[in-house]
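Asks: I have a structure I would like to understand better, so I am pasting it below and will then ask my questions one at a time.
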Amino acid sequence: QVQLVESGGGLVQPGGSLSLSCAASGITFSSYTMTWYRQAPGKQRELVAGITRIGSRNYADSVKGRFTISRDNVKNTVNLQMNSLKPEDTAVYYCNARLLADGYWGQGTQVTVSS
């Protein structure tokens, strides 16, 4: 049974930081591209950051220079370090694992940036 479990969300003030983590089980984690998406109320889900099995990274323009994605193929986790958070970063953040046509989603974790 495949599980992706996100953690680390919460309420933070503008300019603050949060670190999200996604723990994977039931897949050969090191083979999968791992991606963080987010969905704000009334908006479509959008890609935030991704990391391939060999460590290549890509970021949405809106988070470049502020967010950093990393993975640990021993612990089977993917992390998203979010700095200099803005109110527009408020969303539910989802973890995705993808290998060719095989894909899985986590349940999401809420991030709220507000004073």
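Asks: Of THR28, THR109, which has the most accessible area and how do the rest follow, probe 1.4 Å?
Replies: Numbers: THR28 90, THR109 20 Å².
Largest accessible area first, the residues go THR28, THR109.
Asks: Also, I was wondering about something else. What lysines could a cross-link reach from LYS43, if we take a straight Cα to Cα line under 23 Å and drop same-chain neighbours fewer than 8 places away?
Replies: Of all the lysines, those that pass the test against LYS43 - Cα under 23 Å, at least 8 places apart if same chain - are LYS64, LYS86.
Asks: Rounded to a whole number of µm²/s, how large is the Stokes-Einstein D of the chain at 25 °C and 0.890 mPa s, given Rh as the Kirkwood radius over C-alpha pairs? Don't jump to the answer; show the numbers that get you there.
Replies: Numbers: Rh = 14.0 Å.
Approximately 175 µm²/s, per Stokes-Einstein.
Asks: What order do TRP105, TRP36 take when sorted by accessible area (1.4 Å probe), most exposed first? Could the numbers behind the result be given before it?
Replies: Numbers: TRP105 120, TRP36 0 Å².
Ranking TRP105, TRP36 by accessible area, largest first, yields TRP105, TRP36.
The values are calculated or read from the model by the stated rules, or taken from the named source; none is laboratory data. Everything numeric here is computed off the predicted structure, so don't read it as measured data. The accessibility values were calculated without ligands, DNA or RNA, using every heavy atom of the protein model including side chains. Shrake-Rupley method; radii C 1.70, N 1.55, O 1.52, S 1.80 Å.
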